[in-house]
Structure formats: structure tokens, C-alpha cells
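Have a look at the structure below before the remarks.
The values are calculated or read from the model by the stated rules, or taken from the named source; none is laboratory data. Fair warning: this is a prediction, and the values are worked out from it, not measured in the lab. Neighbour counts run over all protein chains shown; Cβ positions are idealised from the backbone, glycine included. SASA here: full protein model, heavy atoms, side chains in, ligands and nucleic acids out. Shrake-Rupley method; radii C 1.70, N 1.55, O 1.52, S 1.80 Å.
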Amino acid sequence: DTGTINVAAQWIDPTGADRDLIMPGDLRAIDASDNMKLLTTYGMAAVELTGSAGEKLQVAPGKKAMLTMPLPASIAGSAPANIPLWHFDEAKGLWIEEGSAVKNGNTYEGEVSHFSFWNCDVPNNYVQLDLTVKTPGNQPLQFAYVKITDLASSQTASGYTDSNGYVIGAVPSNANLKVEIFYGYTCGAPVYTQTVSTSGSNLSLGTVTITNTSAFAVLTGNVTNCAGAPVTNGVIYLNTQGYYSRYNLSNTGSFNISYLLCDGTSVPAAIIAE
């Protein structure tokens, strides 16, 4: 068959600050021996093929296509000459090893039999790291941005604390890591930093208390209904610079929110109660 093929492709910078927010999955993977691994990425790409009528297309059975991805200069020195390729399995939510790529100058090149999300990665063993973030008043800090950096590879992983101030995730085993806590991923200066070393076992950092009170804004108030009675089963939505955070009201309609400030500076905020 012949016809028009439209190619939509997007490279995901492995060193980008927003990488964890736009890539699929969390870099956990299943290798060719069916073992769970944590990946160190050297570049990802999303590729989709469509026909002239918008129908989705794939590489023909038995055929392969060459995939080329740029390699950032900042990680080129640690990039291996040959690296496994991984595609993202949306049903499993994991990366699956399939094929390999070769380093050619400032790019990786490898053949693929289908198109989806592809990743050039070194697999590693991993453990789980967890911590709970609290305010100076011993209250859980919700929506704090926690960033983990592998000091050997400069690769990062990140997550946000839940309503209990708790966060957990996979990190490389037997590694030296830097743990940082921010208001958000776009903030320049962390409000907390700690260096830790992992072994072959899971690591809990317990409770981390942010002692810098100038890093916080505290919002308090009460929510009532149209009859003037307390809202006993409601929520507060806090909108700061287009980002929404959700907090539960107490059973008396009150709220007491400790909010991390970006670089210690004030920001305009809007509150929506329901």
C-alpha cells in the first residue's frame, strides 16, 4: 500500500526540570529477564504515525524503523556506547526492554518494530525511600515537592507529599542521594536538603521538619453555608498562579493551611470553598 504518512514526534529531555511531569510512568521497568528495575534515562521520545484520514498506523510486521534521539552534552560523558531500549506498556504502567541503541556522536540510534514511547536507559536495582514532611508546629505538610538526585549520575526523581505529608518512591540501591524539598518544581532554592546513602534495603527517613518559618504562609478561616451554619463536610481549593491545591475542611467548617512559599516570596492566591 502507498499513501501519506504523518509523523508526530516529541523528544523528552532527560535533564529537563519538567521531565517527571510529562513522561509516562516513573522509570520502573521490566527487563528482558523479567526482573523489576529502575531506569537511568538518557532520552525519551513519543512517536505516532497517522494516515491521511487520521487513522493510526504502525510499522509493518517483520519490518523495523530507525529511531534517533539527541544526547544532551551534560550527560554524554556517562552515556554508554550501547544501551538497552525500552517501550512504555500503558496497561502495566511500566517500561519494557526491547532492543538496543548505539551511541553515535551526540545521538543514540536504534531500530524499533513499533511506535509509542521509547526510552534509552541503563537498568539499576532499586529500593523504596519514604519520608513524612511536617511544619514547625508538627502538622503534616501537604503538596510539598520532594526531589531526589543521584549524585553519581545527576539523574533525578520526584513526587509530592499527600494529605499526611507522606511521600514514597523508588530510588537506586547502593547510591549516594541528595534529598531536597521545595514549594514546587519551578522554585530555585529548596527549603530543606539532606544527603543520604542507600543500601540493598528500603530506607525510611522518618519525619522531616521544615524549621524555617519564613518559608511558610499560614491561612486560617471558617466556611459557612447560605444559612450561616458551618460547612461540616467540605473542601477548600487554593489557586496560586494557576495551580490548584485541595484541602479538607474540619467538621466545624474551619481550615488551617500551612503553605510553602516559592523562594520565600509572597504569591497572590484565590480560595474556593465548597
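Give me D for the range 183-228 in µm² s⁻¹, whole number, from Stokes-Einstein with Rh from the Kirkwood sum over alpha-carbon pairs, 20 °C and 1.002 mPa s. The Stokes-Einstein estimate is 141 µm²/s. Measuring spread by the Cα atoms of the range 163-274 yields a radius of gyration and Dmax of 17.8, 60 Å.
How much length is gained if the chain between residue 272 and residue 162 is pulled fully straight, taking 0.36 nm per residue apart and subtracting their Cα-Cα distance, in nm to one decimal?
Numbers: separation 110, 0.36 × 110 = 39.60 nm, distance 2.00 nm.
Contour length minus Cα-Cα distance gives 37.6 nm.
Distance between the pseudo-spin-label points of residue 224 and residue 254 (7 Å out from Cα toward the beta carbon): 1.5 nm.
Report the full-extension gain for the segment residue 199 to residue 128: residue separation times 0.36 nm, less the Cα-Cα distance, to one decimal in nm.
Values: separation 71, 0.36 × 71 = 25.56 nm, distance 1.05 nm.
Working it through step by step, the gained length comes to 24.5 nm.
Past the 23 Å Cα-Cα mark, which pairs from 37/64; 37/178; 134/178? Beyond 23 Å between Cα atoms: 37/64. Annotation for residue 31 and residue 233: the two label points, set 7 Å from Cα along the Cα-Cβ direction, are 5.1 nm apart.
Using heavy atoms of the protein chains and a probe of 1.4 Å, the accessible area assigned to residue 111 is about 100 Å².
With both labels modelled 7 Å from their Cα along Cα-to-Cβ, the residue 246 to residue 11 distance reads 3.7 nm. Of all aspartates and glutamates in the structure, those lying under 19 Å Cα to Cα from residue 63, and not within fewer than 8 positions of it along the same chain, are 1, 48, 97, 98, 109, 111.
May I ask you to give the average projected area over all directions of the convex hull of the Cα atoms of the chain, in nm² rounded to one decimal? Don't skip to the end; give the middle numbers.
Details: hull surface 77.1 nm².
The orientation-averaged projected area of the Cα hull of the chain comes to 19.3 nm².
Over all directions, the average projected area of the alpha-carbon convex hull for the range 111-153 comes to how many nm²? Don't skip to the end; give the middle numbers.
On the way: hull surface 23.9 nm².
Mean orientational projected area (the range 111-153, Cα hull): 6.0 nm².
Taking only Cα atoms of the range 145-226, what ratio of Rg to Rh do you get with Rh as the Kirkwood inverse-distance radius? With Rg and the Kirkwood Rh in hand, the quotient comes to 1.08.
When the alpha carbon gyration tensor of the range 1-134 is reduced to an equivalent ellipsoid, the three semi-axes, largest first, read 27, 18, 16 Å. By the rule of a second cysteine Cβ within less than 4.7 angstrom, the chain holds isolated cysteines at 120, 226.
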